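I have placed the structure first, in the form of structure tokens, so that the comments after it can refer back to it.
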Amino acid sequence: MKILIVTQHYYPETVGTGRRAIEVGDDLAAGGHDVTVLAGMPNHPSTFMSGNIDLHPPKRERRSNGVRVIRLPVFSSASRAWSQRTFTYGAFGGMTILRGLTLPKYDCIIGVSPLPTVMAAMTIALRQRTPLIFDLLDIWPEGALIAGSLKPGPLYDFLEAIEYETYKRSS
């Protein structure tokens with residue numbers, strides 16, 4: 001199968017969603033699938049703070065296991081502030097949707113949480129009429145509410161409605 005994995009974080013980033021995407025991609029490629037990963041340039045605050053990795057990998061690369069990686073430019077900041085992270089999620093989502101317009105058809109699209117990333121993956125899947133698998137690692141926006149970085153109100157209600165729609169459309 002031709003499979004597209006959409007994830008904001010991917011190797012060399014070590015945050016949970018990046019590690020999960022690496023494992024999924026590697027396992028699928030080892031099983032003989034044609035795997036492409038659509039990921040942002042390294043942009044998580046922990047990546048910036050580590051200081052020991054290349055923050056500017058090539059825009060296209062092929063890992064030793066055969067997984068193709070397409071890198072998207074994305075706003076990045078060492079700040080962990082909610083406003084900065086939200087802007088980063090939005091920028092990645094927008095770039096993903098735009099790049100998705102030029103991608104070939106896939107048999108399956110896997111969106112790796114958080115929700116903003118999967119919303120972009122869902123947009124590509126709907127356009128291609130391709131099944132979407134939502135690889136859910138965290139409950140979003142509820143997690144942001146519990147952490148105190150998002151308050152109850154219209155924005156939360158809107159994000160929750162999108163969350164439910166994404167679950168409904170996922171395989």
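The values are calculated or read from the model by the stated rules, or taken from the named source; none is laboratory data. This one's a predicted model, so the numbers in the text were calculated from it and none came from an experiment. Neighbour counts run over all protein chains shown; Cβ positions are idealised from the backbone, glycine included. The accessibility values were calculated without ligands, DNA or RNA, using every heavy atom of the protein model including side chains. Shrake-Rupley method; radii C 1.70, N 1.55, O 1.52, S 1.80 Å.
Do we have any residue at all in the range 85-101 that's open to solvent by 40 Å² or more (accessible area, probe 1.4 Å), in a loop (DSSP other than H, G, I, E, B), modelled with pLDDT under 80 and farther than 21 Å from ILE22 by Cα?
no
Quick one: in the range 18-65, of everything that is at pLDDT below 75 and among the β-branched types (Val, Ile, Thr), which residue is most open to solvent (accessible area, probe 1.4 Å)?
Among them, the one singled out is ILE53.
Would you please name the residue that is modelled with the highest pLDDT, looking only at residues in the range 138-171 that are touching a strand residue (DSSP E or B) at 6+ places or on another chain (Cβ under 9 Å), of a type outside the set (D, E, K, R) and surrounded by 14 or more Cβ atoms within 10 Å (Cβ to Cβ)?
Taking the candidates together, the pick is THR166.
Of ALA91, ALA147, which residue is over 13 Å from LEU4 (Cα atoms) and touching a Phe, Trp or Tyr at 6+ places or on another chain (Cβ under 6 Å)?
ALA91
Filter the range 149-171 down to residues that are among the hydroxyl-bearing types (Ser, Thr, Tyr), in a loop (DSSP other than H, G, I, E, B) and more than 18 Å from the chain's Cα centre (by Cα), then give me how many there are.
Of the residues in the range 149-171, 1 are among the hydroxyl-bearing types (Ser, Thr, Tyr), in a loop (DSSP other than H, G, I, E, B) and more than 18 Å from the chain's Cα centre (by Cα).
Take the residues in the range 105-119 that are in a loop (DSSP other than H, G, I, E, B) and modelled with pLDDT of 95 or more, then tell me which one is least open to solvent (accessible area, probe 1.4 Å).
Applying the filter and picking the extreme gives TYR106.
What is the residue count in the range 120-137 for residues that are under 22 Å from ALA29 (Cβ atoms), open to solvent by less than 60 Å² (accessible area, probe 1.4 Å), outside any loop (DSSP other than H, G, I, E, B) and not charged (D, E, K, R)?
6
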